[in-house]
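Notes follow once the structure below has been shown.
The values are calculated or read from the model by the stated rules, or taken from the named source; none is laboratory data. Here the structure is a predicted model, which is why all the values come from computation and not from measurement. Here the Cβ positions follow ideal geometry from the backbone for every residue, glycine too, while neighbour counts run over all protein chains shown. Accessible surface areas use protein heavy atoms only, side chains included; no ligands, DNA or RNA. Shrake-Rupley method; radii C 1.70, N 1.55, O 1.52, S 1.80 Å.
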Amino acid sequence: MQPMTKAAIFERVGRMEQIAGIKRYMLKEGKQDGVNAVDLWNGSGLYMTILTDRASDISTLTFQGKSLCWLSGVGVSAPEFWHKGDYEWDRNFGGGMMATCGLTTAGLPSVDNGEPLTLHGEISNTPSEEVNCRSYWEGDDYYLEYTAKTRQVRPYGEDLCLTREIKVKMGENIIRVRDVVENLGFQETPLMMIYHLNFGYPLLDEGAKLYLTRDKCFPTSPLAEESLDQIGVVGAPDDGYKPRAYNHTVTAKDGFSYASLLNEKMGVGATVKFASDNLNKFNLWKCLQKRNYVVGLEPCNCRTWGREKAREHNDLVFLKPMESKEFYFEIQVHSGPGELAAARRRYPSSL
């Protein structure tokens, strides 16, 4: 879609939804029954579904009809199907473009100061409230915006509020996500955040390349250590492939770090651009199994070893009473040789 003035667009359409818009609805049947959702499309090929009842995470994301994300066999599942247990989070993990891990713990289960903590915390299985969808013009620029709050609170424990804003501009293939986490309680509380961004087929396919503005790499298992020389290799689906993860510290330019998955054969790529002030770490998760064919590009403020080890290594972030922290990242979609070449130029080489 070529750039046009507001007046020129309204000469051609009766409602903006013909080109770009927002739709709210409720899913039906199976484990997704009753889940509130929002579709958002931007007029140049981006189409996404936000799950209001799953912390306002992004479920599906397509570009010009082609999927960019990975969906697990679980599919969309209501939060009531999650039960606390060390690895029960997986049983209700539908994959999707974005699954938020946190807020007081993320990564592996652990026991910290006597408190049992489960895989990736509970925020992604918490419904949002104060949901607001709006579209608006700024001059000749048309914006679509979703905002909501998600509370993680319990008596005698934490009282955290996650305020999320997801915004796109018509004709621009960039999704902007801004989160603010505020401590509304009167006790200092740990704050651990991992943005589980799950890229899948057809963007993820044999021969695609991975890039990262990285500093140090910390393989999280003997398998990851042994396969460090293959960290950036994307092969065909392999039933014998075992998942592995690589924690990183990152380098930044003008306050931002970058990670990309570029598919030259498809002519499409995606870059995660993240503000490195509060997202100063990164996890690369690779699982190239049949059916579970996914690479996670995961900006974070913690490593994935769990809260107990984070505390032991003096690497745990805290929020003081009434303090807040902002987390910001973008998912940029690239189309065509020129945009892919521009994305590659950010990096000295692929992984």
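Here is how the numbers come out for the structure above:
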item: Enumeration of residues in the stretch 111-122 that are touching a Gly at 6+ places or on another chain (Cβ under 8 Å), surrounded by fewer than 20 Cβ atoms within 10 Å (Cβ to Cβ) and not in a loop (DSSP other than H, G, I, E, B); result: Asp112
item: Answer residue from the stretch 50-62, given it is open to solvent by less than 20 Å² (accessible area, probe 1.4 Å) and of a type in the set (Val, Ile, Thr) and is farthest from Ala20 (Cα to Cα) among those; result: Thr52
item: Set Phe81, Phe10: member being open to solvent by 80 Å² or more (accessible area, probe 1.4 Å), among the hydrophobic types (A, V, I, L, M, F, W, C) and closer than 19 Å to Glu122 by Cβ; result: Phe81
item: Restricting the stretch 312-351 to residues that are over 28 Å from Pro219 (Cα atoms) and of a type in the set (Asp, Glu), the residue that is surrounded by the most Cβ atoms within 10 Å (Cβ to Cβ); result: Glu339
item: Residue in the stretch 117-130 that is under 22 Å from Ile194 (Cβ atoms) and free of Cβ contacts under 8 Å to residues at least 40 places away in the same chain present; result: yes
item: Those residues of the stretch 63-73 which are closer than 28 Å to Asn173 by Cβ and either part of a loop (DSSP other than H, G, I, E, B) or open to solvent by 50 Å² or more (accessible area, probe 1.4 Å) (or both), in sequence order; result: Gln64, Gly65, Lys66, Leu68, Trp70, Leu71, Ser72
item: Only listed residue being open to solvent by 60 Å² or more (accessible area, probe 1.4 Å), in a strand (DSSP E or B) and either more than 22 Å from Gly200 (Cα to Cα) or not acidic (Asp, Glu) (or both), chosen from Arg134, Arg91; result: Arg134
item: The stretch 282-298: number of residues that are among the charged types (D, E, K, R) and over 17 Å from the mean Cα position of the chain (by Cα); result: 2
item: Matching residues, the stretch 233-262, being surrounded by 22 or more Cβ atoms within 10 Å (Cβ to Cβ) and touching a residue at least 60 places away in the same chain (Cβ under 8 Å); result: Tyr258, Ser260, Leu261, Leu262
